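The structure appears right after this line, and notes come after that.
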Amino acid sequence: DAGVIQSPRHEVTEMGQEVTLRCKPISGHNSLFWYRQTMMRGLELLIYFNNNVPIDDSGMPEDRFSAKMPNASFSTLKIQPSEPRDSAVYFCASTVVGGTEAFFGQGTRLTVV
Amino acid sequence: QKEVEQNSGPLSVPEGAIASLNCTYSDRVSQSFFWYRQYSGKSPELIMSIYSNGDKEDGRFTAQLNKASQYVSLLIRDSQPSDSATYLCAVTRAGTALIFGKGTTLSVSS
């Protein structure tokens, strides 16, 4: 099992640029989560999908953030335009709907300068 | 607003001692409770799950749950330097996402 795969692992971009983070969940998992981790705020839920449908996006900080899940094996988190305060580690996690254990990807460390 | 609270630490214990980590949560209908361990620069990994009141033991780890008090704890017996990490408490109810505390940093000195 390859686990949850995220790309890129590191991203450095200039303020104002568009950033796209990618996630491939574990095969067979139908629930996918996007989290953001900072020292100040800890691990925050941004959005989650069940069966490719967004269920709760109340954690998305602003309209600059958007997420899609076009199929069961791929999701994106987009920030446009990016700002320095978006610098954080972004994690994707997956599980089975109603399941008990969420598995995390290795994360994407985003730095906006 | 659903909240999960943890002391940020650091919690420092000598090698071989018992480390006690605590967590409280605000959502009374939470059903599932988890402890994740996160090493610096790594992703969280699940170490314990508990669903009913009482204790659950797995090796050197014991999770304790008291739903009436909305309280979860993790005991680590015979602490080792390799246990030094941040421990994240997470809660959820069926079909919803995990909500995490900010974590407690544990340092085990040899």
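The values are calculated or read from the model by the stated rules, or taken from the named source; none is laboratory data. Worth saying up front: this structure is predicted, and the values here are computed from it rather than measured. In this analysis, Cβ positions are derived from the backbone assuming ideal geometry, glycine residues included, and neighbour counts consider all displayed protein chains.
Annotations
- Across the stretch B:65-103, the number of residues qualifying as crowded, with 19+ Cβ neighbours inside 10 Å and within 11 Å of chain A (Cβ to nearest Cβ) comes to 13.
- Top-ranked residue in the stretch A:23-53 [being surrounded by fewer than 16 Cβ atoms within 10 Å (Cβ to Cβ) and of a type outside the set (S, T, N, Q); ranked as farthest from the other protein chains (Cβ to nearest Cβ)]: A:GLY28
- Candidate set from the stretch A:32-43 (those that are at pLDDT 95 or above and out of contact with any Leu (no Cβ under 8 Å at 6 or more places or on another chain)); member that is nearest to A:GLY107 (Cα to Cα): A:THR38
- Selection of the stretch A:62-82 for residues being surrounded by fewer than 20 Cβ atoms within 10 Å (Cβ to Cβ) and within 20 Å of A:GLY28 (Cα to Cα) yields A:LYS68, A:PRO70, A:ASN71, A:ALA72, A:SER73, A:PHE74, A:THR76.
- Here B:ASN22 clears all of (1) surrounded by 14 or more Cβ atoms within 10 Å (Cβ to Cβ); (2) within 30 Å of A:HIS10 (Cα to Cα); (3) among the polar types (S, T, N, Q) except the condition numbered (2).
- Within the stretch B:25-51, tally of residues that are loosely packed, with under 14 Cβ neighbours inside 10 Å, among the basic types (Lys, Arg) and either on the phi > 0 side of the Ramachandran plot or within 13 Å of chain A (Cβ to nearest Cβ) (or both): 1
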